[in-house]
Amino acid sequence: MHLEPSPDRMPELGFYTLAGHSASPRDCAAEAQDAERIGIGSVLVSERFNVKEACTLCGAVGAVSEDLGIVTSATNLQTRHPMVTAAFANTMHQLTGGRFAFGLGRGIEVLGSMYGIQPSSMSEMESFTVLMRRLWAGEMVGGVEHHMGSSPLMFLQNAEPADIPVVMSAIGPRTLEWAGGVMDGVILHTYFSDEATARSVEAVRRGAEKAGRDPSSVRIWSVLATVGDHLGHDLVMKKTVGRLATYLQGYGEVLLAANGWDPAPLDAFRSDEVVSSVPGAIDAVATTEQLEHIATLFPAEWLDAAATGTAQQCARTALAQFDLGVDSVVLHGATPLELEPVVQAYRGIRPAGRFDDLPVNPGWM
């Protein structure tokens with residue numbers, strides 16, 4: 001089921017709902033409707049174990065939207081029984097008329113270890129993906145060994161066969177190449193330099209080709225922090241410096257390796273007294289004064305890997321992402337209302353006809 005976008009929709013653009021931290025999950029409904037109004041094509045639903053449980057949020061945005069693509073970016077296969085996951089994705093597929101893509105990620109190892117949730121290996125994710133596709137196709141699958149034990153028989157009761165794309169959120173080159181051979185789509189990470197984005201695209205396409213697939217059949221999303229000056233200094237600092245700092249708290253080595261950046265500033269960042277004094281995720285609780293200090297710890301190239309400045313400058317940066325080989329761009333770190341000036345500017349420079357073949361579903365090419 002490949003739906004065609006409405007004439008005003010820009011299927012090559014996406015946003016993350018409840019970007020960063022939110023005290024009110026109800027905001028996702030208004031954000032979905034705002035996104036449709038201004039023409040953003042897809043909503044990405046991330047997951048945190050507080051008020052951002054992915055299944056609930058997906059259902060909410062699916063219920064209040066008409067032609068907005070929806071994808072989990074990402075959930076971890078270890079957190080639910082496979083039948084629960086299969087039923088969730090199938091429910092979303094039926095609820096939205098085929099607008100839903102199921103997105104996987106490894107999980108954050110530091111947090112997972114606290115909760116007793118193991119990060120997923122590539123072999124586990126591949127086996128899981130094969131199982132999901134078989135269940136969605138209407139098969140009865142016997143003798144399944146999985147992360148919660150074993151199941152004598154699995155099937156979706158009285159369900160029509162469903163064609164649901166599976167999308168991988170990934171950072172490292174090995175995972176990206178593997179994903180190109182297995183997944184329908186790939187979502188990159190925020191604060192990738194242009195060089196890192198281009199290398200990542202090459203890895204995905206190379207993986208698809210090695211697997212005997214058409215490299216252009218895998219939909220690749222870049223994730224571009226998009227924070228215009230119109231948001232004001234405090235919010236800009238939170239959504240740029242604060243967000244990058246939070247990534248560095250959780251998996252700095254992985255992000256720096258993907259970019260080929262010097263790791264020495266990361267050591268200085270982690271040993272800094274102001275950084276160590278922040279009690280939690282920096283983008284959630286740090287003050288503007290603290291963020292201004294933290295900004296001095298970063299090389300300029302780290303913060304340059306984002307769309308900043310005027311709305312017109314942000315729009316041009318977003319459009320330039322396509323020259324790196326990606327198929328779609330997530331305008332990350334802001335709500336649709338905050339992104340509206342950027343989206344309006346982008347529409348004014350959007351190449352006519354370039355994205356006409358992109359379907360509504362964010363996992364399909």
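No lab work stands behind these numbers, since they all come straight from the coordinates. All of these numbers come straight from a predicted model, not from anything done at the bench. All Cβ positions, glycine included, derive from the backbone under ideal geometry; neighbour counts span all protein chains shown.
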³J(HN,Hα), Karplus 6.51/-1.76/1.60, whole Hz, each residue of the range 220-232, x for Gly, Pro:
10, 10, 8, 10, 10, 4, 10, 9, x, 4, 5, 7, x
Shape parameters for the chain, alpha-carbon atoms, Rg then Dmax in Å
19.7, 59
About the Cα centre, charge dipole magnitude for the chain (Lys/Arg +1, Asp/Glu -1 at Cβ), debye:
560 debye
Hull-based mean projected area of the range 307-357, where the convex hull spans the alpha carbons, in square nanometres
3.6 nm²
With θ set to phi - 60°, apply the Karplus curve 6.51 cos²θ - 1.76 cosθ + 1.60 along the range 48-61 and write out the HN-Hα couplings as whole Hz, x wherever there is a Gly or Pro.
10, 8, 8, 10, 10, 6, 5, 4, 4, 5, 4, x, 5, 6
Per the range 230-365, sqrt(5λ) over the Cα gyration tensor eigenvalues, sorted largest first, in Å, gives 31, 18, 13
Among DSSP beta bridges whose residues both lie in the chain, state the antiparallel percentage, nearest 5.
15 percent
Could you give the size of the charge dipole of the range 236-351 about its Cα centre, using +1 on the Cβ of each K and R and -1 on the Cβ of each D and E, expressed in debye and rounded to the nearest 20?
460 debye
So which residue, out of E301, E53, E253, gets the largest mean-square fluctuation from a GNM of the chain using Cα contacts under 10 Å as springs?
E301
Take the chain, connect every pair of alpha-carbon atoms lying under 10 Å apart with a spring to form a Gaussian network, then pick out the residue of V144, V201, V326 with the largest mean-square fluctuation.
V144
Between the range 29-97 and the range 301-333, what is the separation of their alpha carbon centroids in Å?
24 Å
With n ≥ 4 as the cut-off for DSSP H runs, can you work out [θ] at 222 nm for the chain, using -39500 (n - 2.57) per run divided by the number of residues, rounded to the nearest 500?
-13000 deg cm²/dmol
Which order do M132, M114 fall in if you start with the one that has the fewest other Cβ atoms within 10 Å?
M114, M132
Only loop residues by DSSP count here, and only those with at most 11 other Cβ atoms within 10 Å; note down the trypsin sites (Lys or Arg not before Pro) in the range 65-109 that meet that.
none
The chain: angle of helix 311-320 to the longest principal axis, Cα-based, in degrees nearest 10
50 degrees
Would you mind ranking I108, I282, I187 by Cβ crowding within 10 Å, fewest neighbours first?
I108, I282, I187
What aspartates and glutamates sit close enough to K52 to cross-link, taking a C-alpha to C-alpha distance under 17 Å and skipping anything fewer than 8 places away on the same chain?
D27, E31, D283
Rounding to the nearest 10 and keeping the result within 0 to 90°, find how far the Cα-based axis of helix 336-349 lies from the longest principal axis of the chain.
90 degrees
On a 0 to 90 degree scale, rounded to 10, what angle separates helix 27-38 from the longest Cα axis of the chain?
90 degrees
Applying the Karplus parametrisation 6.51 cos²θ - 1.76 cosθ + 1.60 with θ = phi - 60° to the phi angles of the range 234-240, what ³J(HN,Hα) value in whole Hz is obtained for each residue in order, glycine and proline being reported as x?
4, 5, 4, 5, 5, 7, 10
Amide H of I187 versus every other amide H placed in the peptide plane: which residues, excluding those fewer than 5 positions away on the same chain, fall under 5 Å?
M168, S169, A170, W221
